[in-house]
Amino acid sequence: MASAQDSTGKRAFEQVLEQYTPALSRLAASYERSHGTREELLQEIVLALWQAWPSFRGECSERAFVFRIAHNRGLTHAWKRPPAHEELDELPDARVPVASEPLPEQAVAERERRNRLHVAVRSLPLAHREVVLLLLEDLSHADIAEVLGITENNVAVRLNRARAALRAALEADQ
Amino acid sequence: MTKTTDDELDSWRTEWASQTPPHQDLQVWLSGARRRATRETAWSVLGVIAMFIIYGVMAFQSTRIEWVALGLAGCVFAALGVLVMARVRRGTWKPVNQSTRAFLELYERRARAQLRLIRFSAWLGLGWLVLVGVPFIYSLWKDLAPKSNDFFLGVATGLVPLLVVSVWSMIRQHRRATNDQREAAALLAEYQQPT
C-alpha cells in the first residue's frame with residue numbers, strides 16, 4: 001500500500017519535474033550567470049523540491065509550490081554568492097551553436113532583445129528581481145503572494161516598482 | 001494565469017519564455033544524487049560505529065591501564081560529541097513550512113547551530129587534550145623517556161602541526177559561520193520590513 005503510494009508520488013514528481021524544468025532553468029539563470037554554478041543551483045532546487053514534495057498537500061497551486069521552493073533556493077544562493085561580473089562566454093546565447101548560415105536580421109534582433117531582457121532582469125536588485133521573475137513566468141498575483149509570503153496588495157506595490165526598474169534597466173541598455 | 005492586455009508585459013513574457021538555458025537531464029541526476037545521499041549516510045553511520053568499536057576494543061582488550069583509559073575516554077568523548085551534535089542540530093534539517101521567511105529562519109538557525117558546534121568542538125578538543133592527551137603522554141613519557149632522548153621532539157612534531165591546523169581550521173569555520181549568521185539575520189530583518 002505504502003509502496004504503491006510511493007510509486008504514485010514518484011511518478012507525479014517526475015511529471016512535475018518534466019513540466020517545470022525549463023522554467024526552473026530560466027529561474028536559475030537569473031540568479032547565476034556562470035554555466036557551471038547555474039547547473040549546481042538547478043540541482044539544489046531539484047533536490048529541495050524532491051525533499052519538499054511529500055509535504056505538498058494542495059494548500060496552494062502546484063505552480064506556486066514549485067516556484068516557492070525554487071525561489072527560496074535562488075534567494076539563498078544569491079545571498080551566499082555575490083554576483084560575478086558578466087563574462088562574454090556566459091551570456092545567455094553564448095552556448096547556442098553558431099549557425100553556418102547567416103541569421104536573418106529579424107532573428108538577430110529577437111535574439112538581442114531576449115539577451116537584453118535576461119541581462120536586465122539579472123541586473124535588478126534581489127527584491128525586484130524575485131517579483132519580476134515570477135511575473136515573467138506568468139504567475140498570478142495570488143500565486144506570487146503565496147510564493148513570497150506577502151499580501152496581494154504588497155505584490156502589486158512591488159510589481160509596480162520592479163517593472164519600472166526593469167523598464168529603466170532596458171532603456172539604459174539601449 | 002494572469003489575464004492581461006498589457007502589451008509590454010506580454011512581449012516580455014514571450015521573449016522570456018522563448019529562451020531556456022541548456023540544462024542536464026535532471027531525472028538522471030536526481031536518481032544519482034539519491035543513491036549518493038544514501039551511501040554517504042551509510043558511511044557516516046559506519047564511521048561512528050567503527051570509532052566506538054576501535055575505542056571499545058582498545059578499552060576492553062588492552063592490558064595496560066593508559067590504553068584502557070584512552071579507550072574509555074574515547075568512547076565517552078565520542079558519545080558526548082554525537083549527543084551534542086544531535087541536540088544542537090535538532091530543528092535545522094528542514095523549514096517549518098515552505099515560506100521564504102521559514103527558509104531564512106532555517107538558515108539563520110543553521111548558522112547559529114554551526115557556531116555552537118564549533119565552540120563546543122573547541123572546548124571538547126581542549127578537554128580531550130587536558131584530561132586525556134596530557135595524562136596519556138605523561139604515562140608514555142614515564143616508560144619511554146629513559147630509553148629515548150627524542151621523546152619530546154617526537155611528541156612536539158606530531159602534536160604541534162595537528163594543533164595549529166585544528167585551531168586555524170576552527171577560526172576559519174567560526175568566521176564563516178559568524179558571517180553567515182549576520183547575513184541571514186540582516187536578510188531576515190529586511191524581509192520582515194514592509195516594502
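The values are calculated or read from the model by the stated rules, or taken from the named source; none is laboratory data. Just so we're clear, the structure is a prediction, and the values are computed from it rather than from any experiment. We place every Cβ from the backbone using ideal geometry, glycine too, and count neighbours over all the protein chains shown.
Side notes on the structure shown:
Here's the yes/no breakdown for (1) under 24 Å from B:Leu126 (Cα atoms); (2) within 9 Å of another protein chain (Cβ to nearest Cβ):
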| site | (1), (2) |
| --- | --- |
| B:Asp10 | no, no |
| B:Ala33 | no, yes |
| B:Glu40 | no, no |
| B:Gly47 | yes, no |
| B:Val82 | yes, no |
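- Residue that is surrounded by 13 or more Cβ atoms within 10 Å (Cβ to Cβ) and within 23 Å of A:Gln43 (Cα to Cα), where the choices are B:Thr41, B:Thr20: B:Thr20
- Restricted to the range A:57-70, and to residues there that are surrounded by 23 or more Cβ atoms within 10 Å (Cβ to Cβ) and not β-branched (Val, Ile, Thr), the residue that is nearest to the other protein chains (Cβ to nearest Cβ) is A:Arg68.
- Checklist (1) in a helix (DSSP H, G or I); (2) of a type in the set (Lys, Arg); (3) more than 10 Å from chain B (Cβ to nearest Cβ) applied to A:Arg33, failing item: (1)
- Cβ separations smaller than 9 Å between residues 6+ apart or across chains give the following pairs from the range B:72-92 residues that are part of a helix (DSSP H, G or I) to residues that are of a type in the set (Gly, Ala, Ser) and crowded, with 17+ Cβ neighbours inside 10 Å: B:Leu72/B:Ala59; B:Ala73/B:Ala59; B:Gly74/B:Ala59; B:Cys75/B:Ala59; B:Gly81/B:Ser121; B:Val88/B:Ala113.
- Some residue of the range B:98-107 being surrounded by 13 or more Cβ atoms within 10 Å (Cβ to Cβ), under 30 Å from B:Asn179 (Cβ atoms) and modelled with pLDDT of 85 or more: no
- Test: B:Ile54 is loosely packed, with under 11 Cβ neighbours inside 10 Å and within 30 Å of B:Pro135 (Cβ to Cβ): no
- Residue tally, condition farther than 19 Å from B:Thr14 by Cβ, of a type in the set (A, V, I, L, M) and facing chain B (nearest Cβ under 10 Å), over the range A:103-130: 2
- Sole residue being in a helix (DSSP H, G or I) and modelled with pLDDT of 75 or more, chosen from A:Ala169, A:Ala107: A:Ala169
- The set of residues from the range A:132-151 being under 26 Å from A:Pro22 (Cα atoms) and not hydrophobic (A, V, I, L, M, F, W, C) comprises A:Glu137, A:Asp138, A:Ser140, A:His141, A:Asp143, A:Glu146, A:Gly149.
- Tally, over the range A:36-56, of residues that are more than 8 Å from chain B (Cβ to nearest Cβ) and not aliphatic (A, V, I, L, M): 7
- Of the residues screened, B:Arg182 is one that is at pLDDT below 90 and exposed (fewer than 14 other Cβ atoms within 10 Å of the Cβ).
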